[in-house]
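Since the structure comes first, as structure tokens, the remarks are kept for the end.
The values are calculated or read from the model by the stated rules, or taken from the named source; none is laboratory data. Fair warning: this is a prediction, and the values are worked out from it, not measured in the lab. Cβ coordinates were reconstructed from backbone atoms using ideal geometry, including for glycine residues, and neighbour counts include every protein chain displayed. Remember, those area values only see protein heavy atoms, side chains included, never the ligands or the DNA or RNA. Shrake-Rupley method; radii C 1.70, N 1.55, O 1.52, S 1.80 Å.
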Amino acid sequence: MIYVVVSSKQEKRFIKENLVKIKDYFFDIYENTKIKLIISGIGAYNVSSSISYICRLFEPQKNDLILNYGFAATKEIKYVNNIFRINTVKDFCLNKNMYFDLTYDLGLQERSLVTMPKPVENNEMEKNMLYDMEGYAFYQISRKFFDRQNIFMIKKISDNGKNNFDLKNIDLNDGLDKTFEKLYNISDEQEKIYKIKELKYIKSSMIKSNFTKVQKDLIIKKLYQFLLDGKEINNLLDEIIKKEFNNKRERNCYFEQIIKS
């Protein structure tokens, strides 16, 4: 699954995926089998709130990705309508930098981004830098829910200063669909690495066992670690879910043996 955060309906128009709107009181949320997209609203507070909200609502898996796609400004007008992958984001007010993990190649040019508290004029910008109002907060909150290598930010240059912003000048065709194909492949590959399907099978099987909720959770973690270590767990899992006990003490002793084994 790819979680996509955009700050406005105008930016959503560039996501050329067949998405269905979910009924939700707080945010506009859209989805298909591969994407969950939320429109956050403009600014750091809104993007932070939206990420926390959608992650609590759907609980991302370890192989899931998150992408912030949106408009950004830059000093040179020749870059308008170009798209860039962000490698570094700086909070202008805090004067702090955060660095993206670029493990996966998306085939895009890279730029550094400065997150501002308000739109900027052309004479306030530095060359080769991009400017927005959400990027730093997006990365900061995403780190609480996603692995670093699974956080992506792509910015489309919409203007070269707040007085030059005009939706009519922004080209809808930017090849973003090809980038999404690469993101899908990354997500699929990570699903194999983290054995997500096998983990779901363990969880569904453990429901049938005769352990307490706390014990089930700990056994699932233990079995999953065995799985990631390349160990065979099917026989052990089968034994665990079929095991019957005469009393709590017998069950607890057996549980301790599993955890210590």
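Brief remarks on what is shown
- Matching residues, segment 225-240, being within 15 Å of residue 200 (Cβ to Cβ) and open to solvent by less than 40 Å² (accessible area, probe 1.4 Å): 227, 233, 237
- Residues that are over 30 Å from residue 168 (Cβ atoms) and in contact with a strand residue (DSSP E or B) (Cβ under 9 Å, 6 or more places away or on another chain), drawn from segment 37-71: 51, 53, 54, 55, 57, 58, 60, 64, 65, 66
- Note on segment 1-58: enclosed strands (runs of 3 or more DSSP E) holding 2 or more residues that are among the aliphatic types (A, V, I, L, M) and over 19 Å from residue 71 (Cβ atoms) are 20-22.
- Taken as a whole, segment 233-253 holds no residue that is in a loop (DSSP other than H, G, I, E, B), within 30 Å of residue 134 (Cα to Cα) and not hydrophobic (A, V, I, L, M, F, W, C).
- Unmet requirement for residue 80, which otherwise passes all of (1) more than 18 Å from the chain's Cα centre (by Cα); (2) open to solvent by 60 Å² or more (accessible area, probe 1.4 Å): (2)
- Here residue 62 does not fit the description of being at negative phi and surrounded by 16 or more Cβ atoms within 10 Å (Cβ to Cβ).
- Verdict on residue 131 being in a helix (DSSP H, G or I), among the hydroxyl-bearing types (Ser, Thr, Tyr) and over 30 Å from residue 237 (Cα atoms): no
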